[in-house]
Amino acid sequence: MSRTTPPLRSPAVTRPCAAISWSGGKDSCLALLRAQADYDVIAMLTMFGEDGGRSRSHGLRPEVIGAQAERLGLHSFVGRCSWDSYTAEFARLIGSAAAIGVTHVIFGDIECDAHRAWDERVCGENGEYHTLVTHTPLFDAPLDVRIGAHEMHADCWALDVSLAPETEHAAR
């Protein structure tokens, strides 16, 4: 089924309106792909640090998350918080999404013991690997990124990822 082809459903059936908790990585992208059969996903929710410079989950720059939202055609709701204020800020974002009709939130976290054990056997950070989706059939165009230096964020090593200059210009 192509991105523009609606699922086979009775015209009398309306799909619930949803937002996706968006990290920018494979888990949230897969959850979005699977959710589209049953939900009209219109928005994404992403949490950033208090300064807004990096996402809480994957340490991504705001422009990278923004470019993903643009390619997905989703409203982007962004929260800024400390770990202590995370829950309150996420609840605020849900309220903002509800104001545009969102009634459900989709999550794509993978929390499975067997998967975690495998990740830990091959040196995953506490059983996790954070990823960045740069191309998916859900995007209207691939995300062109530039890989920078290794950086330490919240006691975890990460690659600094930014939009390639031509992508950055096109996203504005």
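Observations
- A search for C-beta distances below 9 Å between a residue of region 143-172 that is modelled with pLDDT under 80 and loosely packed, with under 12 Cβ neighbours inside 10 Å and any residue that is part of a strand (DSSP E or B) and of a type in the set (A, V, I, L, M), counting only pairs 6+ apart in sequence or on different chains, returns Met152/Ala158; His169/Leu163.
- Tally of residues being among the aromatic types (Phe, Trp, Tyr) and part of a helix (DSSP H, G or I) across region 62-84: 0
- Look at region 15-38: where a residue is surrounded by fewer than 17 Cβ atoms within 10 Å (Cβ to Cβ) and a partner is among the aliphatic types (A, V, I, L, M) and modelled with pLDDT under 90, sitting 6+ places away or on another chain with Cβ atoms under 7 Å, you get Lys26/Val133.
The values are calculated or read from the model by the stated rules, or taken from the named source; none is laboratory data. Keep in mind the model is a prediction, meaning the values are calculated, not measured. A quick note on method: Cβ atoms are made from the backbone with ideal geometry, for glycine too, and the neighbour counts reach across all protein chains shown.
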